[in-house]
Amino acid sequence: MRISLQPAFVLHHRAYRETSLLLDLFTESHGRISLIARGVRTHRSKLRSLLQPFVPLLISWQGKSELMLFNSAENNGTPFQLQGDCLLSGFYLNELLVRVLQKQDAHPQLYTIYHNTLLELQTGQLQQKTLRLFEKKLLEELGYGLQLQRDFFTGEELIAEQFYLFYPEQGFKRSAVRVGDRMQFKGKSLLALAAEQLNDEECIRDAKRLMRIALASLLGLQFLHSRKLFTEVQ
């Protein structure tokens, strides 16, 4: 199989042998792929500076296995200039995609969502709702979207002033009293996340806690290096 000039972003790269790189890429029509890029770490290679995260690329490759051979790359737009917390958040998005996406499973809509999220991060000031909405849309794209508007037990619409307990793989069930459980959420926050209108700090905090719980089953027991790095920097 030979693929030419496919829109893509580098999610992660690491050294391979003396002069090569192993690339994890997110492509528009082929999903996440892994490539061996031979000879690109030499001083004569013009591709070394191009094969970096947050640079829109057109990638060509060949092969049939999970680890294929990189052929060439071209610039496909202006690199995203991420700084500070926004840069760390970009690394978080990349690590998340590497961890949860199956290889060669296409998600063209998610590719667009990722691109648009980088645009928002490029503004320079990190908005937490940007990350929460990316996580929400990621779960939806992977088939793990949350029912944020109805009680799974009764089928009734959620009420903003009520509290609900979250049951992973099922949904939210009304709770008679506030119990301070990490699995309990206010209806207001759930409805705000459903409408993608996270406009106050309480809703953003609840959304962050909920997304961590919802993503945990996909990530497994291993921690995210980008989260650890963000904590250390803070």
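Within segment 98-139, track down each residue that is of a type in the set (Asp, Glu) and either touching a residue at least 40 places away in the same chain (Cβ under 8 Å) or loosely packed, with under 14 Cβ neighbours inside 10 Å (or both).
ASP105, GLU135
Would you please name the residue that is nearest to the chain's Cα centre (by Cα), looking only at residues in segment 14-37 that are at pLDDT below 95 and open to solvent by 20 Å² or more (accessible area, probe 1.4 Å)?
Here the residue is ARG14.
Please specify each residue of segment 61-82 satisfying the condition of being closer than 21 Å to ILE3 by Cα and out of contact with any Leu (no Cβ under 6 Å at 6 or more places or on another chain). Spell out the reasoning first.
From segment 61-82, those closer than 21 Å to ILE3 by Cα are 61-77; that's our starting set.
Within segment 61-82, LYS64, SER65, GLU66, LEU67, LEU69, ASN71, SER72, ASN75, GLY77 meet the criteria.
Quick check on my filter: what residues within segment 156-192 are aliphatic (A, V, I, L, M) and open to solvent by less than 70 Å² (accessible area, probe 1.4 Å)?
Selection gives LEU158, ALA160, LEU165, MET183, LEU190, LEU191, ALA192.
Would you check if LEU69 is at pLDDT 95 or above, part of a loop (DSSP other than H, G, I, E, B) and either surrounded by 12 or more Cβ atoms within 10 Å (Cβ to Cβ) or of a type in the set (Ser, Thr, Tyr) (or both)?
No: the conditions fail for LEU69.
The values are calculated or read from the model by the stated rules, or taken from the named source; none is laboratory data. A quick note: this is a predicted structure, and the numbers were derived from the prediction, not measured. Please note: Cβ atoms are built from the backbone with ideal geometry, for glycine as well, and neighbour counts cover all protein chains shown. The protein model used for the area step is the full one, side chains on, heavy atoms only, and it has no ligands, DNA or RNA in it. Shrake-Rupley method; radii C 1.70, N 1.55, O 1.52, S 1.80 Å.
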